[in-house]
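Take a look at the structure below.
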There are 2 protein chains.
Amino acid sequence: MGFSTDNLKGFLLALLSSGFIGASFIIKKKGLRRAAAASGVRAGVGGYSYLLEPLWWVGMITMIVGEVANFVAYAFAPAVLVTPLGALSIIVSAVLAHFILNERLQGLGVLGCVMCIAGSVVIVIHAPQERPITSVQEIWSLATQPAFLLYVASVIVLVFVLAFHFAPRRGHSNVLIFTGICSLMGSLSVMSVKALGTSLKLTFEGMNQLIYPQTWFFMLVVLTCVITQMNYLNKALDTFNTAIVSPIYYVMFTTLTIVASVIMFKDWDGQGAGSIISEICGFIVVLSGTILLHVTKDSDRNLSRSMYAPLSPTLTTRLANENGELLKHVEDDMASSEETGGLRRHELY
Amino acid sequence: MGFSTDNLKGFLLALLSSGFIGASFIIKKKGLRRAAAASGVRAGVGGYSYLLEPLWWVGMITMIVGEVANFVAYAFAPAVLVTPLGALSIIVSAVLAHFILNERLQGLGVLGCVMCIAGSVVIVIHAPQERPITSVQEIWSLATQPAFLLYVASVIVLVFVLAFHFAPRRGHSNVLIFTGICSLMGSLSVMSVKALGTSLKLTFEGMNQLIYPQTWFFMLVVLTCVITQMNYLNKALDTFNTAIVSPIYYVMFTTLTIVASVIMFKDWDGQGAGSIISEICGFIVVLSGTILLHVTKDSDRNLSRSMYAPLSPTLTTRLANENGELLKHVEDDMASSEETGGLRRHELY
């Protein structure tokens, strides 16, 4: 163990973030349900009645708080610790949905939750210490070491090949292309978010880093990566079922982020083989639990959507798409609910 | 890490044991199939034609070798390490069944295998060192310490209450009663097998322990516990579906064995909190993987049977029951195979 104060802060922030993000989906869904019920008629696909529903706004604010906590967590603890803990938000969603929305967790779903927790505990126990960083130049030298430059170059080449060669041909038939692009960009997003977060943390601590051009460069990289990532994530989600995209995206994104972090921040230097292997096993267990939770859910409903929120360090994008999908769930729920559904379904089909 | 030679020996023996036991079920099943095919007619429930089939004998010998390896493993490494590794025999069975018997592993089955392996790795990394024992008297003093005597007394009282109060009333409706008795007895079996194995190991190393009455006492305890355990395991398997009994038995048996070992051999003394928590998480992961493998199997066929073999340290009992069930599987397989099945099924029903 031997957790440093910074690691502990990062860990608690990551937990908090998962709690908020997990809860936000339930609150928003309750808001959408209430809006749909209040408007009397079926909320059309283009309807915006939910904007008048306070509960929906509470959910939105909860999510933003969660994403901010996630962003700050990266400034305190290694990505190897923070990223996999994102899976805990699925558990929060699943448990809250069970109690609040009466969406029963199946036996295997419970097993998936247990596994995510057990794997997370193993990861937390063996997480490396965050190395003390005192200036943005230090991060800059980490980012410009040959091994990491090679990683960045490979990512950029791969993204270009995928986006301009494969995406036009197979993008709509092979789920790995769009999700691959956003996972690759996602690993760069997290690294640049971590660089930016650390600079801002130092600035708040009194060591102003905004005077260095590197800080502004990292900010630019964050924006570019995050926008690209979100763009392709929305394409993936528009083209394929969320239930297929989410686990694949989670696995690829988390794996690539850990690889990037290990190369750039040398997280595993000075760790024993036992710790590293335990971490990898913990990570595999969390991934398995995540997959299990997704597979056992019936179709693409409810929780799948909560999957990709905690994984990206952004606040605002993809909200339109997300609302659309949540709305669809609510409508499906209402259409199939006993009191009103039978009639409506018949009216429509 | 820092594996002692003895721990390494115990670990390799446990792996070997799982390999042999896992393989034995596939070999025996192949033997039974061949015997059923050779005899031309449907092998009756009372049929013994498989005794003429060499392959069946190869399977039987493989199983005995596996059980002996398991027994010896307990003499070298802590039960906390050896017992959970028994789950690996299910993976061996599942993988061999996939390739040799063409019984396809489903997606979730593969996930279950991955989890059993990841959990086992975590357990192995954090396993405590076997403490050096130089005489049977030393084991005797461990076995007679107040805490362990209290454990033994509680087990005996519980077994009596279950066997004489609950078994006659609810034994045939509640699966926990028979499986509870054999899990409780099983934890004592493993402890006494470990005591006996260590004594025999010392004897082979030149320090004759057979001159001490304690060695013979442990032998008596092994026989009593194992016979009781097997008796109630057969009752449980006769009364309930193997697919229900096996995972419950595995979970209870392994948990109680670890509790007993921690009390008697003080496995966790001198281990850090991180190691102990990691071990527990690894154990939970292996259990989850085991449950997943069982749940995803269709009904009670094929692999469920391989479950309880590696967990008990005996060689010979329960063979009759086991063969009966394997035979039933083979018959089911043949009855439902396309070439011959349709007809037979119609003849029968």
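The values are calculated or read from the model by the stated rules, or taken from the named source; none is laboratory data. Just so you know, these numbers come straight off a predicted model, no measurement behind them. Note that each Cβ is placed from the backbone with ideal geometry, even for glycine, and that neighbours are counted across all protein chains shown. Areas reflect the complete protein model, heavy atoms only, side chains present, ligands, DNA and RNA absent. Shrake-Rupley method; radii C 1.70, N 1.55, O 1.52, S 1.80 Å.
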Point to revise | Failed item, numbered, when A:E67 is tested on (1) under 21 Å from the mean Cα position of the chain (by Cα); (2) not assigned by TED's automatic domain parsing to the domain that holds A:R33 | key: (2)
Review point. Does A:T296 qualify as being modelled with pLDDT under 80, within 13 Å of another protein chain (Cβ to nearest Cβ) and more than 17 Å from A:S120 (Cβ to Cβ)?
Key: yes
Practice item. Would you confirm whether any residue within the range B:115-127 is within 14 Å of the chain's Cα centre (by Cα) and open to solvent by 30 Å² or more (accessible area, probe 1.4 Å)? Key: no
Practice item. Residues being surrounded by fewer than 18 Cβ atoms within 10 Å (Cβ to Cβ) and either assigned to a helix (DSSP H, G or I) or touching a residue at least 12 places away in the same chain (Cβ under 8 Å) (or both): count how many of those fall in the range A:149-174. Key: 16
Point to revise | Answer residue from the range A:236-270, given it is surrounded by fewer than 18 Cβ atoms within 10 Å (Cβ to Cβ) and part of a loop (DSSP other than H, G, I, E, B) and is farthest from the other protein chains (Cβ to nearest Cβ) among those | key: A:K266
Exercise for review: Sort out for me the helices (runs of 4 or more DSSP H) sitting completely within the range B:38-139 that have 2 or more residues that are more than 24 Å from B:W268 (Cβ to Cβ).
Suggested key: B:54-76, B:88-99, B:107-126
Exercise for review: Could you list, in sequence order, all residues of the range B:70-96 that are over 15 Å from the mean Cα position of the chain (by Cα) and surrounded by 23 or more Cβ atoms within 10 Å (Cβ to Cβ)?
Suggested key: B:A75, B:F76, B:A77, B:P78, B:A94
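Table: residues versus (1) surrounded by fewer than 19 Cβ atoms within 10 Å (Cβ to Cβ); (2) modelled with pLDDT of 50 or more; (3) in contact with a strand residue (DSSP E or B) (Cβ under 9 Å, 6 or more places away or on another chain).
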residue: A:S275; (1), (2), (3): no, yes, no
residue: A:V286; (1), (2), (3): no, yes, no
residue: A:G289; (1), (2), (3): no, yes, no
residue: A:L315; (1), (2), (3): yes, no, no
residue: A:N323; (1), (2), (3): yes, yes, no
residue: A:E339; (1), (2), (3): yes, no, no
Check your understanding: Applying the selection to the range A:242-296, what residues are hydroxyl-bearing (S, T, Y) and within 15 Å of the chain's Cα centre (by Cα)?
Key -> A:T242, A:S246, A:Y249, A:Y250, A:T254, A:T255, A:T257, A:T290
**Study point:** Residue tally, condition touching a Lys or Arg at 6+ places or on another chain (Cβ under 9 Å) and not hydrophobic (A, V, I, L, M, F, W, C), over the range A:94-127
**Key:** 4
Review point. Which of the residues that make up the range B:185-235 are open to solvent by 30 Å² or more (accessible area, probe 1.4 Å) and not in a helix (DSSP H, G or I)?
Key: B:E205, B:G206, B:M207, B:N208, B:L210, B:I211, B:Y212
Point to revise | Qualifying residues in the range B:100-113 (those that are surrounded by 19 or more Cβ atoms within 10 Å (Cβ to Cβ) and under 19 Å from B:A23 (Cα atoms)) - the one farthest from the other protein chains (Cβ to nearest Cβ) | key: B:E103
Practice item. Any residue in the range A:117-145 that's farther than 18 Å from A:Q209 by Cα and more than 11 Å from chain B (Cβ to nearest Cβ): show its pairings with residues that are in a helix (DSSP H, G or I) and open to solvent by 20 Å² or more (accessible area, probe 1.4 Å) at Cβ separation under 7 Å, as long as the two are six or more apart or on different chains. Key: A:E130/A:D6; A:E130/A:F76
